[in-house]
1. Any idea of the accessible area per residue across the range 56-153, 1.4 Å probe, to the nearest Å²?
2. Taking the Cβ-Cβ separation of SER201 and HIS160 as r and a Förster radius of 45 Å, what is the calculated FRET efficiency to the nearest 0.05?
3. Which far-off residues, 5 or more places away or on another chain, put their amide H under 5 Å from the one on VAL319, with H placed in the peptide plane?
4. Please work out how much accessible surface THR30 shows to a 1.4 Å probe, ignoring ligands, DNA and RNA, in Å² rounded to 10.
5. Work out, step by step, the length gained on full extension between VAL119 and LYS312: first 0.36 nm times the residue separation, then minus their alpha carbon distance; give nm to one decimal.
6. Suppose the chain between ALA292 and ARG187 were pulled fully straight at 0.36 nm per residue; how much longer would it get relative to their current alpha carbon spacing?
7. Less than 14 Å Cβ to Cβ from VAL56, Lys/Arg counted +1 and Asp/Glu -1: what total charge do the surrounding residues give?
8. Counting only protein heavy atoms and a 1.4 Å probe, tell me what percentage of the range 138-180's accessible area is made up of carbon and sulfur.
Amino acid sequence: MRLSPLRSVPRVDLLIGLAIMALGTLEAFTVAEEYGASQNPQWWWVGQAVVTGVLVWYRRKAPVAVFILMILAQYAWHRQGNEHCPVWQLAALLIVFHTIGAHLPFKPGGSWALAGILVFDSGAVDHRFLPFEEVIFLTVMFGSAYVTGLALRGYLLRVHRMAERAARLEMERERRAAEAVAAERNRIARELHDVVAHSVSMMVMQAGALRRRMGASQEGERSPETVILSGIEQAGRDAVEELRIMLGALRMPQDEALPQPGLDMVPNLISTVGSSGLRVTLETEGEPVHLAPGLDLSAYRIVQEALTNAVKYAGDADVRIRIAYHPDRLELEIIDNGGGAGPALSTGNGLIGMRERAELFGGSLDAGPLPHGGYRVRATLPISQGVPMSEATN
């Protein structure tokens, strides 16, 4: 859809032009004959006021053309026998002189303003010799209008340069902050690699060596100690692999997406604790949906922390993990029938971390001992209408 010409005119210019038209029309029927015009000057005044108002409308879009047309209009005005310039025409002339200063560079704008002042001072517009007092008056009046426009232009240019400088400084500040964050992430990654990853790798190697030695010294079926060592070795390898992914995330730019564990990794998590003596069952209710990465990661960490605490404190027990997908929420429930998990979990950092993860997404978490024994962790996480997992993988 194309806009009409009037809609492209700034509202201020439109109002000024309408005011000039209204003032010219009012003077046409009140004081027109006092200016020495010929008979029936009213309609000529109204037409001149309309033309002048239209020129003021477009003064910003074509300042030089409007400036020249205004001078020619003044010439035509005096050729009709009008001896003086009425108020509305004088206001329009001052506005266009101001526009020359405000919207043109200094050299061309100054040249046009000087040429206009000389045209008026020389009497070329009204074909008469102007007295010195009137020359001074016109020079000061039109010159002041041009200077105010020039001052406005200088102010706007300074504001524009200050805004650009502020934008550059903000970009530089953000760049330096990003570089500092990247350097700190790389330093943390190096520390984790040199200390944690190395230590865990050594633990895995030692557990593997001990398991192989015990297996070589015994014939037949594997002993419980060997099974436990196998679980330690596998858990250590998983920890090293997850640490490797985390170190890669630290070294990569922050805006790059990285694969993170989600609820689809819960079966793998269960298999890593199988050698601890826990008997874990997984129940899924509803149709799994594709969750947001952050929500999926938090849900996985809640299950992981609850299962870790069950390994620590529940002993030889049964653990049931229930993941329920509802249209508006995700429910996680981890229940064990062991003992001793409650006091340790309720006062440790594990429960605090799980609750913070749940509250981060507007959810809630309840944890506590059950009346008949055991411990339950139950989390509710609000979700938007997700995409079914079967469709997300197609």
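1. Normalised by residue count, the accessible surface of the range 56-153 is 49 Å².
2. 0.15
3. HN-HN under 5 Å from VAL319: ARG279, VAL280, THR281.
4. Its heavy atoms expose roughly 90 Å² to the probe.
5. Fully extending the segment from VAL119 to LYS312 adds 59.7 nm.
6. Full extension from ALA292 to ARG187 adds 34.9 nm.
7. Value of the local net charge: +3.
8. 67
The values are calculated or read from the model by the stated rules, or taken from the named source; none is laboratory data. Bear in mind that the values here come from a model prediction, so they are computed numbers and not experimental data. Heads up, the Cβs are rebuilt from the backbone with ideal geometry, glycines too, and the neighbour counts pull from every protein chain shown. Heavy atoms of the whole protein, side chains included, go into the accessibility calculation; ligands, DNA and RNA do not. Shrake-Rupley method; radii C 1.70, N 1.55, O 1.52, S 1.80 Å.
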